[in-house]
């Protein structure tokens, strides 16, 4: 009986070894600047990552081939960039990563702050959060991001003129406006000056300071400009202007009911609220301006008190689209030129590759 159990164990171990060896099979070797091999295991990992990021449970053999080719292209461009002397430091990658994270929060956050926010909101560590959302740990993702940024910089350097030339014509801008005219509507809007005093560890002190500032503000002993200027260096309070639209979405963002939002819009310009208390702070506001709903023409401002017109807004968005398309075409041109038998050795092709990718 023991011999039988031992045999079964050996068979299972051998089977595991066979699968491990299969996963280590090389699919392609990129050797433009140095020799880098892409294995079946690496492709499986990338397919799993793409699946997680895009909510796709399975890929066809052809789609897996496209992912394999994308991995080859990535290594080709990164090696070409390295050969050309292009360098990106880890600190630059970290800075880029945190800039993107900060945009999601609407303010600058550090990696430690981001990690703390994740812990509070999800109960997960930074590492687990990254694995669940993008399919990679923190270090692996930053390495991937570094390669993507180097590749992007190299392509931009090689095809800068073509990409910069990509811009919409006046006719295209006006045609886009006519086609989407119904979307360019300004809702009723309010410009509020909002002041918040976080409770922190001493709610009573926060309330006293907030009440004192509100009294000075009502007595015109202090201006909105002075409050905003001092807020930039104050740890006690935050103060600034914000524009609010008469929409259910804005009511939700403010944490009030839609009826309460309508009541707010009923206030006249110059109205100053009383001091109110929320779970986290004491606050007051002043209505600084009111703007009525209207259809926007090409020369109208996208948002009051800014300098960007509807025409500018459409031009900027169409330019981004065209440059994105030009960038894709540039990547294809660059990788096509680099993808030669001297630079890439494909270990598996045709039916043999199809068989390996049929999992």
Would you say residue 209 is over 14 Å from residue 281 (Cα atoms), at pLDDT 95 or above and assigned by TED's automatic domain parsing to the domain that holds residue 281? no
Among the listed residues 166, 211, 205, 175, identify the single one that is surrounded by 13 or more Cβ atoms within 10 Å (Cβ to Cβ), closer than 30 Å to residue 322 by Cβ and out of contact with any helix residue (DSSP H, G or I) (no Cβ under 9 Å at 6 or more places or on another chain). 175
Positions within the stretch 111-126 being surrounded by fewer than 13 Cβ atoms within 10 Å (Cβ to Cβ) and within 26 Å of residue 150 (Cα to Cα), in sequence order: 112
It is to be established whether one or more residues within the stretch 137-159 are outside any helix (DSSP H, G or I), surrounded by fewer than 17 Cβ atoms within 10 Å (Cβ to Cβ) and either out of contact with any strand residue (DSSP E or B) (no Cβ under 7 Å at 6 or more places or on another chain) or free of Cβ contacts under 8 Å to residues at least 24 places away in the same chain (or both). yes
Being exposed (fewer than 14 other Cβ atoms within 10 Å of the Cβ) and in contact with a helix residue (DSSP H, G or I) (Cβ under 6 Å, 6 or more places away or on another chain) is true for just one of 108, 132. Which residue is that? 108
Within the stretch 298-309, the residues that are out of contact with any helix residue (DSSP H, G or I) (no Cβ under 7 Å at 6 or more places or on another chain) and in contact (Cβ under 8 Å) with a residue 12 or more places away in the chain are 303, 304, 305
Just one of 176, 197, 193 is outside the structural domain of residue 92 (by TED's automatic domain parsing), touching a residue at least 60 places away in the same chain (Cβ under 8 Å) and within 18 Å of residue 271 (Cα to Cα); which is it? 193
Within the stretch 248-263, can you find the residues that are out of contact with any helix residue (DSSP H, G or I) (no Cβ under 6 Å at 6 or more places or on another chain) and at pLDDT below 90? 249, 250, 252, 253, 254, 255, 256, 257, 260
Restricting the stretch 1-46 to residues that are out of contact with any strand residue (DSSP E or B) (no Cβ under 9 Å at 6 or more places or on another chain) and part of a loop (DSSP other than H, G, I, E, B), the residue that is modelled with the lowest pLDDT: 1
Residue satisfying all of: in the stretch 242-282; touching a strand residue (DSSP E or B) at 6+ places or on another chain (Cβ under 7 Å) and part of a strand (DSSP E or B); nearest to residue 200 (Cα to Cα) among these: 281
Output yes when any residue across the stretch 183-193 is under 29 Å from the mean Cα position of the chain (by Cα), part of a loop (DSSP other than H, G, I, E, B) and surrounded by 15 or more Cβ atoms within 10 Å (Cβ to Cβ), and no when none is. yes
Taking interchain pairs and intrachain pairs at least six residues apart, which have beta carbon atoms under 6 angstrom, with the first residue in the stretch 216-234 and in the same structural domain as residue 285 (by TED's automatic domain parsing) and the second at pLDDT 95 or above and part of a helix (DSSP H, G or I)? 222/216
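The values are calculated or read from the model by the stated rules, or taken from the named source; none is laboratory data. Keep in mind that this is a model prediction, so the values were computed, not measured. Don't worry about glycine lacking a Cβ; one is built from the backbone with ideal geometry, like all the others, and counts go over all protein chains shown.
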